[in-house]
Structures are given as C-alpha cells and as structure tokens.
Amino acid sequence: MSETIVKVYVNFQAPKNLMPRDLNSKPLRSKTWWTGKEYYNFSRRAWLRSEGFTADVFQDRPVIGICNSWSELNNCNAHLKSVAEAVKRGVWRAGGFPLEFPTISLGEMFMKPTSMLFRNLMSMDVEESIRANPIDGVVLLCGCDKTTPAQIMGAASADIPAIVVTGGPMLSGQWRNRKLGAGTDGRKLFDLYRTGKLTDGELCEIEGGLARSAGHCTVMGTASTMASVAEALGMTLPGCAAIPAPDSRRLTIAELSGQRIVDMVWEDLKPSDIMTREAIENAIAVNMAIGGSTNAVVHLLAIAGRLGIDLKLDEFDRISTRTPCIVNVKPSGEYLMEDLFEAGGVPVVMKEILPLLHADAITANGRTIRENVEGAECWNRDVIRAADNPLSPEGGTVVLTGNLAPRGAVIKQTAASPHLLQHRGPAYVFESYKQMHEVIDSPDLPVTKDTVLVMKGCGPKGAPGFPEWGQIPMPKVLLDQGIHDMVRISDARMSGTSFGTVVLHVAPESAAPGPLAAVETGDEVELDTAGRRLTLHVPQEEIERRMAARPVAPPHYDRGYGWMFLQHVNQADEGCDFDFLRKK
Ligand code: FES
C-alpha cells in the first residue's frame with residue numbers, strides 16, 4: 001500500500017504547489033476584514049493579534065478555516081484535534097494562515113432520537129460559520145456518519161474553496177482470536193447474547209474489544225461509505241478514505257491537504273467546480289462498487305440539491321445495474337476497512353471501474369480522476385476484486401417502486417439473503433417502533449419465516465428525524481428456530497453496518513401520509529428485487545379507504561429546531577434536506 005500512496009501523493013505534490021503566484025491575481029475574501037483604514041479593520045486586526053499572532057499573518061496569506069467536528073461526545077471524531085494540527089503544518093508551509101473553529105458534532109451512538117435529525121442543522125452551522133468569517137478556504141474535518149455529508153452540504157452552499165479530510169476508520173475490533181467489525185459483528189454477537197448463547201462475561205469482553213481506537217466504524221458502514229464517496233466526488237486527496245485513524249499516514253494526508261487548500265484558494269477551485277453532475281455520478285458508481293451504505297443515497301440526493309443538480313432516485317438504480325460490487329468488506333463481504341487500505345484503497349476501486357466513471361472529472365488536487373488512479377495497484381485481489389470477477393455483478397443498492405412506495409424505496413441486495421430477494425408473504429404490522437420493541441421478543445408473536453414484517457412511523461416526520469430503525473430485530477421466536485433473516489419493510493433508514501433483507505426509505509413515509517400507513521396484518525406484500533417492485537396486494541379503493549380512516553398523530557414538536565425540521569424537511573427521495581436549503 002505504501003507504494004500506492006507514494007505514487008498517488010507524488011502526483012499530488014508535483015508542480016502545483018510550486019506555482020509562482022501572482023498575489024494580485026485574486027483578491028482574498030479575508031482582506032475585506034483586515035485591509036482598510038476604518039475602525040473595524042483596525043480592531044479586527046487587534047483582536048486577532050490578541051491570540052499572539054504577528055502582523056505578518058495579514059500579509060497576502062489566505063486564511064484557511066479548519067472546520068473541526070472534534071468532540072468527546074463523538075468517539076469517532078475524538079482524534080481530530082491532532083489531525084487539525086497536521087493540517088495547520090501544511091497550511092503554514094504553503095504560505096497560508098490556519099484558524100481552527102468548532103462546529104457541532106454528531107455522534108452516531110449517542111444522539112437521541114437520531115443524529116439524522118441534526119444533519120441539516122450541522123450543515124447550516126458549517127455554511128454560516130464559513131460565510132460569516134474571514135475565511136478564504138476551508139478544510140473540513142469529519143468522520144462519523146452524519147458529519148461528512150453535513151460538512152459537504154454546508155461547504156457546497158457556502159461555495160468557497162474546500163477540501164475534506166476524513167478521520168479514517170478505527171482499528172479492527174478483536175475478541176479472543178477473532179477480528180470484529182464494529183457495528184456488523186456487534187449486532188450478530190448481541191443476537192447470540194439475546195438467545196443465551198453468550199454469557200454476560202463474554203459480552204463484557206466483546207464490549208472492550210469491539211471499538212479499539214478513535215476513528216469511525218471499521219466496516220463499510222455509512223461513515224466508511226461517505227468517506228469513500230467524498231473521495232470519489234473529488235473532495236479529498238486520493239487515498240484519503242481508507243487510511244486508519246491511528247495510522248501516521250492519516251496525519252500525512254492531513255498535512256498535504258492543508259498544503260493543498262492554499263493553492264486551491266489561489267486557483268479559486270470551489271466545491272461547485274469539483275462536485276459536478278459527473279462527479280456525483282462517479283460517487284454513486286463508487287458507492288455501488290464498494291457495497292456502500294443505503295444512507296449514501298439520501299446524502300448524495302441532499303448534496304446534489306445544494307448544488308442545484310437535479311438528481312433522481314432512479315439514477316441510482318441505473319448506475320447500480322451497470323456497476324459490479326467489487327469490494328469484499330463487511331457487511332456485504334468478509335473483510336474490514338483496514339484490509340481495504342492495505343489492498344490499495346479507493347484509488348484501486350476507481351481504477352477497476354474506470355470505464356464506468358467520468359474519468360476526466362477534476363478533483364481537489366487539480367488533477368482528474370484518471371490521473372489520480374492510473375498508478376494505483378491492488379495488493380490483495382480477495383479484498384478488491386477485479387471488475388470481471390465481482391462479488392456481485394450489480395451494485396449493492398437497488399431502488400424499488402410500486403403501490404407501496406410510489407416515490408421509491410431501497411434495499412441493499414448485497415447484504416440481503418439471496419433466497420428472500422423474490423418473496424411474497426403475509427404482513428405482520430407494527431404501528432410504531434415502540435410497539436415493535438414491546439412485542440418482538442414475545443414467544444407468542446404469530447410470525448413464520450415467510451412473514452413480512454412492516455413497521456410504520458419511522459420516516460423523517462414520523463419518528464421524527466428518519467432514524468436507523470429499519471433493521472427490525474429478528475423475532476426471538478424465529479431466532480430460536482435458527483432463522484436469522486426475513487423480509488422487513490419500513491420508512492426508516494438502516495445503519496450501513498447492518499445486514500438482512502431489509503427494505504428502507506419507503507416514500508412517501510407513512511406519516512406523510514403514504515400508502516405504508518394503509519398496510520394491515522395479514523395483507524399480502526411482494527418484494528420483487530429483480531423487477532424493482534414493491535407491491536401491496538390490496539385493491540386501490542381499499543388502500544384509499546384505509547388512508548382516509550387512519551388516525552392523525554399530533555406533531556412531535558411545537559417549537560424550536562424540531563418544529564422547524566417538521567415544517568421543512570423533505571422526503572427520502574429528495575435527500576431529507578430542508579426545502580429552503582436547496583439551491584434555487
Ligand atoms: Fe461513528 Fe459508526 S458510530 S461511524
């Protein structure tokens with residue numbers, strides 16, 4: 001891997017950073033804060049010098065904001081202070097002036113009811129922090145699931161030069177002689193504990209070894225996916241996504257990114273120059289090739305909306321059908337992010353599917369995708385398969401439509417059971433997440449392996465916040481029979497670390513209201529993955545009668561951010577952004 005990194009990085013380090021600069025060629029945005037003879041020009045300089053800076057920092061140095069989502073309430077991003085220090089080294093070295101600032105951070109494990117409720121809030125924090133301050137360019141430090149899309153969305157709206165440095169995956173988990181993937185293996189082992197196959201002591205041991213360092217989850221969950229998507233979009237330096245968080249090369253790429261952003265300012269290379277429609281399509285293709293999280297669909301729709309790119313849900317399916325899934329990382333495969341890094345990382349993946357990409361798309365280092373990946377070499381063909389020997393001939397995520405999901409739904413087919421991808425069975429309906437939890441372990445739950453579990457009230461407005469409740473736990477009565485998967489359908493999302501035959505993001509959600517609200521226990525439901533259909537076998541007049549008769553729940557909030565969220569959030573097929581944040 002090290003050779004690959006050197007090759008890719010040498011590409012990056014070539015003459016761009018040595019370009020002679022015409023300091024008069026581009027007026028720096030920050031100068032309007034410092035330069036002039038008004039009282040406020042003077043006082044801004046004086047107040048900044050209260051931090052001990054010399055007057056030199058006001059002399060034609062681009063001010064580089066380091067937008068840091070570090071927080072001890074977000075273990076995945078808990079190392080980002082040291083990453084920020086490395087970025088600063090690079091900025092100083094390239095003749096810039098780094099100023100670090102905090103934003104809210106969204107810790108996936110801790111925030112209730114769900115971190116997704118706050119993604120848009122963080123994006124607004126990022127956008128307005130950039131816009132309000134004397135910043136010429138920005139380095140975005142992120143990691144945990146929602147922090148990466150939120151920062152990219154905010155930077156897209158602010159649209160000054162920006163580069164992303166993701167925090168990298170944590171070390172692989174370990175229990176006795178087993179390697180564990182945080183998230184995926186934790187869920188599997190917890191199911192064993194639920195059925196009495198693991199003791200309290202063993203669970204405690206696993207708890208201590210599952211997440212062994214800072215960094216994001218080490219399977220191809222949402223954080224790893226969004227890091228890969230950021231790289232595919234061209235918003236990071238090549239090779240960034242998979243470097244483990246504790247690896248020294250994480251700091252190296254941070255320093256190089258700090259160095260590079262200074263030149264991006266002089267070149268005026270903005271997010272809207274990099275994240276074009278072609279770049280978005282590249283990111284979708286890479287998401288399919290890596291067996292990435294279904295959450296990337298929602299986030300990419302939102303990012304496109306910020307850029308004024310009219311992206312439709314069916315474009316994911318169009319790209320999915322032609323893109324092989326080649327990355328053998330959990331939950332779709334066997335390995336972990338550390339293995340992907342050692343095999344060559346995202347540059348190798350992109351090189352493998354290069355004929356399917358817009359190879360001339362420009363990236364943050366000023367070079368094209370083709371230039372960035374042409375020197376990449378694969379060091380482990382079992383981790384990154386060749387395109388003609390894929391894990392699956394199609395991408396991971398499939399888009400479904402039908403009378404149960406008129407505006408779409410998604411299923412991650414590579415993490416599903418093949419025998420369930422075509423399935424028709426009777427529904428067992430949970431009216432809410434709470435009700436599901438109350439009965440899921442009941443020994444009398446009337447379900448069989450053919451039952452289709454349907455859960456309502458888990459969408460953007462219904463939950464609220466579109467939580468990751470979609471992987472409905474397997475009923476204990478079936479686990480006891482040795483059955484570990486069944487068809488499950490909801491308007492929720494699912495953690496990228498999860499697995500199973502799970503249909504998600506049903507739109508419109510039941511609270512909108514969509515037809516999901518009309519499903520009753522005993523109705524026949526059909527999942528036809530090959531045909532891209534999700535069907536409720538109930539006559540349309542009966543669906544409409546039930547919809548008209550359904551009780552309407554009171555809103556979850558009557559004030560504050562929650563109220564604003566309910567007023568303005570759009571549905572899953574539009575990315576769940578606020579209507580007023582999309583680019584007009
Ligand atoms: Fe942060 Fe998984 S909890 S990435």
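The values are calculated or read from the model by the stated rules, or taken from the named source; none is laboratory data. Computed from a predicted model, the values in this text were never measured in an experiment. Positions of Cβ are backbone-derived with ideal geometry, glycine not excepted, and every protein chain shown enters the neighbour counts.
A few remarks follow.
- Test: residue in the stretch 524-539 that is in contact with a helix residue (DSSP H, G or I) (Cβ under 6 Å, 6 or more places away or on another chain), under 19 Å from residue 430 (Cα atoms) and crowded, with 20+ Cβ neighbours inside 10 Å: no
- For the stretch 123-157, a residue qualifies if it is touching an Asp or Glu at 6+ places or on another chain (Cβ under 6 Å) and within 16 Å of the ligand (Cβ to nearest atom), and the qualifying residues are 144, 145.
- Of the helices (runs of 4 or more DSSP H) contained entirely in the stretch 148-254, those carrying at least 1 residues that are touching a strand residue (DSSP E or B) at 6+ places or on another chain (Cβ under 9 Å) and closer than 30 Å to residue 89 by Cβ fall at 222-233.
- Filter result for the condition that a residue is touching a Pro at 6+ places or on another chain (Cβ under 7 Å), closer than 20 Å to residue 216 by Cα and either more than 16 Å from the ligand (Cβ to nearest atom) or assigned to a strand (DSSP E or B) (or both), over 91, 87: 87
- Contacts under 8 angstrom Cβ, first residue in the stretch 488-510 being within 16 Å of the ligand (Cβ to nearest atom), partner part of a strand (DSSP E or B) and modelled with pLDDT of 95 or more, 6 or more apart: 493/504; 493/505; 494/502; 494/504
- Here residue 459 passes the criteria (1) in contact with a helix residue (DSSP H, G or I) (Cβ under 6 Å, 6 or more places away or on another chain); (2) away from the ligand (no atom under 16 Å from the Cβ); (3) within 23 Å of residue 556 (Cβ to Cβ) except the one numbered (1).
- Exactly one residue out of 309, 319, 274 is closer than 22 Å to residue 141 by Cβ, surrounded by fewer than 24 Cβ atoms within 10 Å (Cβ to Cβ) and under 20 Å from the mean Cα position of the chain (by Cα), and it is 274.
- When residues of the stretch 423-453 are limited to those that are of a type outside the set (S, T, N, Q) and closer than 30 Å to residue 561 by Cβ, the one surrounded by the most Cβ atoms within 10 Å (Cβ to Cβ): 436
- Residue 519 farther than 30 Å from residue 183 by Cα, of a type in the set (A, V, I, L, M, F, W, C) and touching a Leu at 6+ places or on another chain (Cβ under 7 Å): yes
- Count of residues meeting criterion [among the polar types (S, T, N, Q) and either within 14 Å of the ligand (Cβ to nearest atom) or touching an Asp or Glu at 6+ places or on another chain (Cβ under 9 Å) (or both)] in the stretch 194-203: 1
- Cross-chain or 6+ apart pairs with Cβ under 7 Å, the stretch 364-383 first and among the small types (Gly, Ala, Ser), then in a loop (DSSP other than H, G, I, E, B) and modelled with pLDDT under 95: none
- Single residue of the stretch 204-216 satisfying the filter (at pLDDT 95 or above and within 9 Å of the ligand (Cβ to nearest atom)) that is surrounded by the most Cβ atoms within 10 Å (Cβ to Cβ): 216
- Qualifying residues in the stretch 30-81 (those that are in a helix (DSSP H, G or I) and within 16 Å of the ligand (Cβ to nearest atom)) - the one surrounded by the fewest Cβ atoms within 10 Å (Cβ to Cβ): 75
- Whenever a residue of the stretch 164-184 is over 15 Å from residue 244 (Cα atoms) and within 13 Å of the ligand (Cβ to nearest atom), its partners that are part of a loop (DSSP other than H, G, I, E, B) and not β-branched (Val, Ile, Thr), lying with C-beta atoms within less than 7 angstrom and at least six residues away or across chains, give the pairs 183/217; 183/221; 183/495; 184/330; 184/331; 184/499.
- When each of 234, 221, 239 is tested for being touching a Pro at 6+ places or on another chain (Cβ under 9 Å), surrounded by 24 or more Cβ atoms within 10 Å (Cβ to Cβ) and at positive phi, the lone residue that passes is 239.
- Pair list, Cβ < 8 Å and 6+ apart or interchain, from the stretch 140-152 residues that are touching a residue at least 24 places away in the same chain (Cβ under 8 Å) and within 13 Å of residue 224 (Cβ to Cβ) to residues that are among the β-branched types (Val, Ile, Thr) and within 9 Å of the ligand (Cβ to nearest atom): 145/222
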